[in-house]
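Below: the structure, in C-alpha cells.
The values are calculated or read from the model by the stated rules, or taken from the named source; none is laboratory data. Everything numeric in this text was worked out from a predicted model, so none of it was measured. Cβ placement follows ideal geometry from the backbone for every residue including glycine, while neighbour counts extend to all protein chains displayed. Only protein heavy atoms, including side chains, enter the accessible area calculation; ligands, DNA and RNA are left aside. Shrake-Rupley method; radii C 1.70, N 1.55, O 1.52, S 1.80 Å.
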Amino acid sequence: MMIGEVLKKEALGSAIAYIRTLSVPGKHVSIPAGRDIYTTFCWACHGAKGDGQGPAAKNLVGVKPRDFTSKDFAIEGREEEVSRTIFMGAAKAFHGSPYMPEWKTTLSRQQIQDVMEYLKTFKESHR
C-alpha cells in the first residue's frame, strides 16, 4: 500500500514539508541532528543561544568560548578550518583555546558537518 493512499492529502503535504526541514538541499547534513549534538556537547560553554555565554564559560580563564552569533564569526568559506577545530580541538588546530577539546573520538565527520550546519542557524536568528 502506498503512503499516499493511507494519509489524507493535507497530512501527506505536512509530512513532506516536515521531511524537507530535516536536511539542507544539496548537502548531506541534518540540522536537527546538529542541534541534538550541540545541545549534548557544546551548549555548556557556547551557550544555548550560541553566544558564548554558556554556564561553564564563566569558569574559563583567558580565552572565552566562540560567539557564533558575532558578526565576526563565519563558517561559509571556512568550513575546513571550523571542521578541523571541532575535530582536533582549537589548541591543536590553530593554537586556539586549550579549553576547546578535540571531538575526533566522540563525533564522526558526518556529525561534525551536522553541527557546523546547525551553527549557521545562530547567525540566521540574529539577522
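When nucleic acids and ligands are ignored and a 1.4 Å probe is applied, Ser70 ends up with an accessible area of around 30 Å². For Asp51, neighbours were defined as the other residues whose beta-carbon sits under 12 Å from its Cβ, and their charges (Lys and Arg +1, Asp and Glu -1) total +3.
Share of carbon and sulfur in the accessible area of the range 37-127 stands at 55%, probe radius 1.4 Å.
Computed with a 1.4 Å probe on the full set of protein chains, the accessible area for Val61 sits at about 110 Å².
Given a 1.4 Å probe and the protein chains as shown, Trp43 ends up with an accessible area of around 100 Å².
On a straight-distance basis, which aspartates and glutamates could pair with Lys49 in a cross-link, Cα separation under 13 angstrom, same-chain partners fewer than 8 positions away excluded? Filter leaves Asp67, Glu124. Put simply, the amide H of Gly54, placed in the peptide plane, has neighbours under 5 Å in His46, Gly47, leaving out anything fewer than 5 places away on its chain.
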